[in-house]
Amino acid sequence: MIPLKDLNRSRTVPVVTTFLVVACSVVFFYELMAGKFVIYLFHAFGVIPYEITHGIDIPPPDPFTPYGSLITHQYLHGGFFHILGNMLFLWIFGDNVEDYFGKLPFFVFYTFCGVVAALIQVFAYPDSVAPLIGASGAISGVLGAYFILYPDAKIVTLVFLGFFIDLVVLPAYVWIIFWFVMQLLSLFSSASAGGAGVAWFAHIGGFLTGLAIARWMMKRKGRLTRTL
């Protein structure tokens, strides 16, 4: 299932969400310009679990130390499908969460979810030297928050049923539960194959982090759901 849009009007202009989409897109354009040298960007600015767990910086050097990569990796992406999928999810779900949290708190929330997600992946594979890149952990946190704050919002979804394609409107909680179950199934499948590939631990960790923070925020502010 591919989400196309949500029927959940934001009260404010999504300044931070727009900034994040533009920033990731600009960085991705720079990656394309880097050509074959992009691998050096991934190793310099991506999260290398071995560097984090051992406190060393494997060349090429990271200008922000290995721990700075916990933030910089969130702006790198490994290909067109990677960035298109992440930016689509961020654009659909980010504006309402930003609306609820506020501009600066949302940016801090988003970044924090990305950091925690990366650390969970690091401690799942502490000796890995493969760079972890992408905004998926942070965006998973946004999905977790959306699940808590706007469970009944309607998501316009493209559904593939064999050779048939259809548009359906699903409640957000149904769509996000489906997404989360797919992450769990993918994690188990990946573990049986040796754990290579997508950072499923980061997806799940980011989601649970966003969910927990949103529950805490909702206890302080209450749910504010506006849907069309």
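None of the figures in this text is laboratory data; all of them are computed from the coordinates on show. Predicted model only: the values in this text are computed from it and were never measured. With ideal geometry, Cβ positions are generated from the backbone for all residues, glycine too; neighbour counts draw on all protein chains shown.
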Legend entry - Burial order of peptide ranges 136-147, 27-38, 77-88 (average beta-carbon count within 10 Å, highest first): 136-147, 77-88, 27-38
Legend entry - Set of aspartates and glutamates near LYS154 by C-alpha distance (under 14 Å), chain-local residues within fewer than 8 positions excluded: ASP6
Inset, instruction - Give, rounded to the nearest 20 debye, the magnitude of the charge dipole that the stretch 77-201 has about its Cα centre when Lys and Arg contribute +1 at Cβ and Asp and Glu contribute -1 at Cβ. - result: 80
Inset, instruction - Would you please classify the overall shape of the stretch 99-214 from the alpha carbon gyration tensor, given that a ≥ b ≥ c denote the square roots of the eigenvalues, rounded means a/c under 1.5, and beyond that prolate means a/b larger than b/c while oblate covers the rest? - result: oblate
Legend entry - Crossing angle, helix 103-124 versus the chain [Cα axis fit, 0-90 degrees, rounded to tens]: 50
Legend entry - GNM result for the chain, Cα springs below 10 Å: residue of TRP216, TRP175, TRP200 fluctuating most strongly: TRP216
Inset, instruction - List THR111, THR65 from most exposed to least, where exposure is judged by having the fewest other Cβ atoms within 10 Å. - result: THR65, THR111
Inset, instruction - Just rank LYS219, LYS103, LYS5, fewest to most, by other beta-carbon atoms within 10 angstrom. - result: LYS219, LYS5, LYS103
Legend entry - Residue order, fewest to most surrounding Cβ atoms within 10 angstrom, among GLU51, GLU98: GLU51, GLU98
Inset, instruction - With the Cα gyration tensor of the chain in hand, give its eigenvalues times 5 under a square root as the equivalent ellipsoid semi-axes, listed largest first in whole angstrom. - result: 29, 20, 18
Inset, instruction - Sticking with the crude label model, points 7 Å out along Cα→Cβ, report the distance from THR111 to VAL22 in nm, one decimal please. - result: 1.8
Legend entry - Cβ charges +1 (Lys, Arg) and -1 (Asp, Glu), total dipole of the chain, debye: 860
Legend entry - Rough spin-label spacing in nm, given labels placed 7 Å along Cα→Cβ, for LEU184 and TYR67: 3.4
Legend entry - Point-to-point label distance, MET33-ILE177, nm (Cα→Cβ direction, 7 Å offset): 4.7
Inset, instruction - Calculate, in nm to one decimal, what VAL198 and LYS5 gain on full extension: separation in residues at 0.36 nm each, minus their alpha carbon distance. - result: 67.0 nm
Inset, instruction - For LEU167 and PHE80, calculate 0.36 nm times their separation in residues minus their Cα-Cα distance, and state this gained length in nm to one decimal. - result: 28.9 nm
Inset, instruction - For the chain, calculate the relative contact order in percent as a whole number, restricting contacts to Cα pairs under 8 Å that are 6 or more residues apart. - result: 28
Legend entry - Largest to smallest principal axis extent of the C-alpha atoms in the stretch 1-107, angstrom: 47, 29, 24
